[in-house]
């Protein structure tokens, strides 16, 4: 079965928007409350490889992209969630993917996006005494 | 149980790079490891948002001196993915040649350092001697031993002529014989086997949990390689194979790297065959970057480099996410170091070929007083200036 069909079938009505802007690139927008569920389907059931997550500061909200790679098909699937501008919070994926800990810590200190249930959410790249509430990668 | 804490860093014990590992030990055995990084964080993702799309190619080149071709290739792939364009065939071959040259010199660099850490200084001296002509070739092809500036969005900046091809072929032939000898020596040495076999083992599950890539993943039997899985440049036109091993220890990581050198030589030779005695375009001019997003990948020597770019139609990216392979390879220490002895941790950490960035100080040995001392960058600059002054006077 083709990967895009397989993804649509497995994620069902959790998919809010399904984009394929280029060959071998798929972007799926989902609700942030469904993140853990969708990531589990992609990472565990469909056996994708975790690549990285990227935080983005938009004018009206924050955005998180979780990139997964389907190496047999050579496809990158990115899960997109939008977060509240005033209180950016999203569920941590550490319980599912242990290696995601560092990028969550980095995104937290640079963007101020809070990852709920990450047991080790402390400074990673910035020093311990970095002033609270100062997030250097946010747009001014 | 009382635990002893052994700090490794903030200067790296092996590569003299700034990073910090905290080992929690029970006697000789390591029971837990913590990682603290950021000693040389330069905020390149943020700087990228202030540069022109074309300038970013040179900015990302400076992320790492060893991978100084890998990041530009991944970045160019990302922007070309956003644009939906292809690059000229000759540019594809040239990108492949430079990428594989880089892989060769880096794998040899690693083999030399690994020899040095284990007390095999002969290996260190020999391998680095073999590596030197490669850097000369890089200088001949690109004008620089590192930071090659070959890549441009839409193609490459310099062509390769037939004379250079001839010189490159000669160097590769010599290197192949030398690498054959080296591989045999390493594979057959009983002491190296005793130090490396079953040390720092990573299972397939560990690789999946941490998302590890490159030779680290392939040594554990995880058959992934962006060059084959999502081909770019000229990799799909060429006959080569992905090297994997099953055991996942430091020895297998070394074997994968040494055997990959042969594949790299094979790839470069085939590329040279295709571009020799021919002429062609090397650049598709790009004028504007429209709004959109793109993802580019490149199988660097340490594993997959990942770049994500987003444009709003202006002359700079509004977001540029970069993931270097060490970002996912280094955290595997949680699995590979725990349960091992302190003396093995050095080579296990080196086994993933970690890459941070360069130091700002060097350590020198004073022959008169026979003492080591640290010298700051300012002091080096001062010494250099004094030397010029002296020369001017004489």
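Just so it is clear, none of the values below were taken in a lab; they were calculated from the coordinates. This structure is a prediction, so every number in the text was calculated from the model and none was measured. Virtual Cβ from ideal backbone geometry, glycine too; neighbours counted across all protein chains shown.
Remarks
- Most fluctuating residue given options B:281, B:61, B:293, as computed from a GNM of chain B linking Cα atoms under 10 Å: B:281
- Per-selection Rg to Rh, the stretch B:71-178 - Cα, Kirkwood hydrodynamic radius: 1.05
- Annotation for residue B:166 and residue B:228: the two label points, set 7 Å from Cα along the Cα-Cβ direction, are 3.6 nm apart.
- Extension gain for residue B:187 to residue B:312 (0.36 nm times residue separation, less C-alpha to C-alpha distance): 39.7 nm.
- Distance between the 7 Å Cα→Cβ label points at residue B:89 and residue A:130: 4.9 nm.
- Chain B: antiparallel DSSP beta bridges as a percent of all, rounded to 5: 100 percent
- Between 0 and 90°, nearest 10: helix B:89-117 axis offset from chain B longest Cα axis: 10 degrees
- The stretch A:83-114 and the stretch B:53-70 have Cα centres separated by 27 Å.
- Fraction of beta bridges assigned by DSSP in chain A that are antiparallel (%, nearest 5): 75 percent
- A Förster radius of 22 Å, combined with the Cβ-Cβ distance separating residue A:8 from residue A:58, puts the computed FRET efficiency at roughly 0.25.
- GNM remark for chain B: springs join alpha carbons under 10 Å apart, and the peak mean-square fluctuation among B:277, B:77, B:247 falls on B:277.
- The stretch B:143-236 shape via C-alpha gyration tensor axes, a/c threshold 1.5: oblate
- Prolate/oblate/rounded call for chain B, Cα gyration tensor, a/c under 1.5 rounded: rounded
- Once the gyration tensor of the Cα atoms in the stretch A:27-140 is diagonalised, the equivalent ellipsoid follows with semi-axes of 24, 16, 12 Å, ordered largest first.
- Label-reachable residues, the stretch A:98-119, where backbone N falls under 18 Å from a point 7 Å from residue B:32's Cα toward its Cβ: A:98-99, A:101-102, A:118-119
- Against chain B, whose longest principal axis comes from its Cα atoms, helix B:121-142 is set at around 20 degrees.
- Folded to 0 to 90 degrees: helix A:101-111 orientation relative to chain A principal axis, Cα: 60 degrees
- Value of relative contact order over the stretch B:121-182, rounded to a whole percent, pairs C-alpha under 8 Å and six or more apart: 26 percent
- The calculated FRET efficiency for residue A:23 paired with residue B:125, based on their beta-carbon distance and R0 = 56 Å, is about 0.75.
- Summed over qualifying helices (DSSP H, 4 residues or more, each -39500 (n - 2.57)) and divided by its residue number, the protein assembly as shown shows a 222 nm mean residue ellipticity of -12500 deg cm²/dmol.
- For the protein assembly as shown: rounded, prolate or oblate by the Cα gyration tensor [a/c cutoff 1.5]: rounded
- Considering only B:62, B:319, B:227, the mean-square fluctuation computed in a Gaussian network model of chain B, springs between alpha carbons under 10 angstrom, is largest for B:319.
- The mean count of C-beta atoms from other chains within 10 Å of the C-beta of residues in B:317-324, rounded to a whole number, is 4.
- Between the stretch A:1-71 and the stretch B:75-108, the alpha-carbon center distance in angstrom: 27 Å
- Residue by residue along B:290-297, Cβ atoms of other protein chains within 10 Å of the local Cβ number 4 on average.
- Chain A - percent relative contact order, Cα under 8 Å, separation 6 or more: 18 percent
- Centroid-to-centroid separation of the stretch B:235-304 and the stretch B:338-353 [C-alpha atoms, Å]: 29 Å
- Length gained on full extension, residue B:55 to residue B:237, computed as 0.36 nm times the residue gap minus the Cα-Cα distance: 62.5 nm.
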